[in-house]
Ligand code: NAP
C-alpha cells in the first residue's frame, strides 16, 4: 500500500540533499511532488524527470523561499497545476557559520530570512488552500542545533529554534481545521556535502552517536512520510528528533 497515494506535496529546497531524498521517497509512496530550488537548475530538472519516471506528477520551480511574494506566486501556480496542496515541507535552509565575535549583521539576517522567514512565507501562502480543504500536514525542518545550540552557529540555531515556536503556534491556531504542524530535528545527516569533509573527523562524529552512524536523507524522508500520511492523524505540535539518539 502506498501511504501518500493521490496527495500533493510542496517541498522547498529539493534539488539536492535531504529535500531530494524526501522528493524521491514521496514519489515512491504515490505523492505528486512540486518542489523548489534556488539556483541548481540542472539537478532540479533531472530530479523532475526522475520523479515523473516513478509515475507521479512532478514539477521543479525556481523560487526563493525567503521572498514573501515569490512564495505567494509559487503556491498560486502549484494550486492551479496540481489542484490541491495536502502537504507542505519547509526544508530549504542554509548555514553561514561564524563565531559571534566575527559574524556580520548581513550573515545573521540572511540565515534568519532563508531558514525562518521562509517558513512563515510558505505556511501563510498555503494556509488558505488548506483551510478550504479542511486538511493539511505541514512539516518544518529544524535541527538538533535549534534545541541544543552550537558554538559558531548563533544565527542558524536561532533560526532553527524559531521554527519550533512558529510550528507549535500554527498547530494551536489551525488544529480545529484539521491542519497539523510538526517539526523534524535531524542530527548529523550524510549528504554529498558532508562526503567532502575529512573522513577522520566524520568518523569521530559517527562514533559519538548512539546508533554509531550518520543519518541518511532516507531516514529523514521516512519520518516525513509518517508525518505527512494519515498514520500520524492525531500527531500535531511535536518535534521529532531524527538523530540516531544524539540528544538522548
Ligand atoms: P543542502 O544539501 O545544502 O540543500 C539545501 C537545499 O535548499 C538545496 O536544494 C538549495 O537549492 C535549497 N535552497 C537554499 N536556499 C534556498 C532558498 N532561498 N530558496 C529555495 N531553496 C533554497 O542542505 P541539506 O543538508 O539537505 O539540509 C536540508 C535541511 O535540513 C536544511 O533546512 C538544514 O538546515 C536541515 N538540516 C540538515 C542537517 C544535515 O546534517 N545535513 C542536519 C540538521 C538539519 P540550490 O541547490 O538551488 O542551492
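Only the coordinates and a few stated rules stand behind these numbers; no lab work does. Since we're looking at a predicted model, the values are computed, not measured. In this analysis, Cβ positions are derived from the backbone assuming ideal geometry, glycine residues included, and neighbour counts consider all displayed protein chains.
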Exercise for the section: Give, in nm to one decimal, the length gained when the segment between residue 68 and residue 212 is fully stretched (0.36 nm per residue of separation minus the Cα-Cα distance). Expected result: 47.8 nm
Handout entry: For the chain, calculated [θ]222 nm from helices alone, where every DSSP H run of n ≥ 4 adds -39500 (n - 2.57)
Key = -14000 deg cm²/dmol
Completion exercise
Contact order relative to length for segment 50-136, counting C-alpha pairs under 8 Å separated by 6 or more residues, stands in percent at 39 percent
Completion exercise
Heads up, segment 1-102 by the C-alpha gyration tensor (a ≥ b ≥ c square roots of eigenvalues; a/c under 1.5 rounded, else a/b over b/c prolate, else oblate) looks prolate
Fill in the blank from the handout: Between residue 57 and residue 177, the two model label points (7 Å from Cα along the beta-carbon direction) sit apart by a distance in nm of 2.2 nm
Exercise for the section: Calculate, in nm to one decimal, what residue 45 and residue 110 gain on full extension: separation in residues at 0.36 nm each, minus their alpha carbon distance. Expected result: 20.8 nm
Exercise for the section: Taking only Cα atoms and a 10 Å spring cutoff, compute GNM fluctuations for the chain and point out the largest among 227, 131, 88. Expected result: 131
Problem - Order by protection proxy (mean Cβ within 10 Å, highest first), peptides 162-168, 20-26, 173-179 - result: 20-26, 162-168, 173-179
Problem - Relative contact order %, segment 95-198, counting alpha carbon pairs below 8 Å whose residues are six or more apart - result: 34 percent
Problem - Angle in degrees between helix 154-174 and the longest Cα principal axis of the chain, rounded to the nearest 10 - result: 30 degrees
Fill in the blank from the handout: Tilt, helix 68-82 to longest principal axis of the chain (alpha-carbon atoms), in degrees rounded to tens, equals 50 degrees
Exercise for the section: Averaging sequence separations of C-alpha pairs under 8 Å and six or more residues apart, then dividing by the length of the chain, give the relative contact order as a whole percent. Expected result: 20 percent
Completion exercise
Under the rule rounded for a/c under 1.5, else prolate if a/b exceeds b/c, else oblate, using alpha carbon gyration tensor axes a ≥ b ≥ c, segment 34-185 is classed as oblate
Practice task
Between 30, 42, 149, find the one with the highest GNM mean-square fluctuation for the chain; connect C-alpha pairs within less than 10 Å.
Solution key: 42
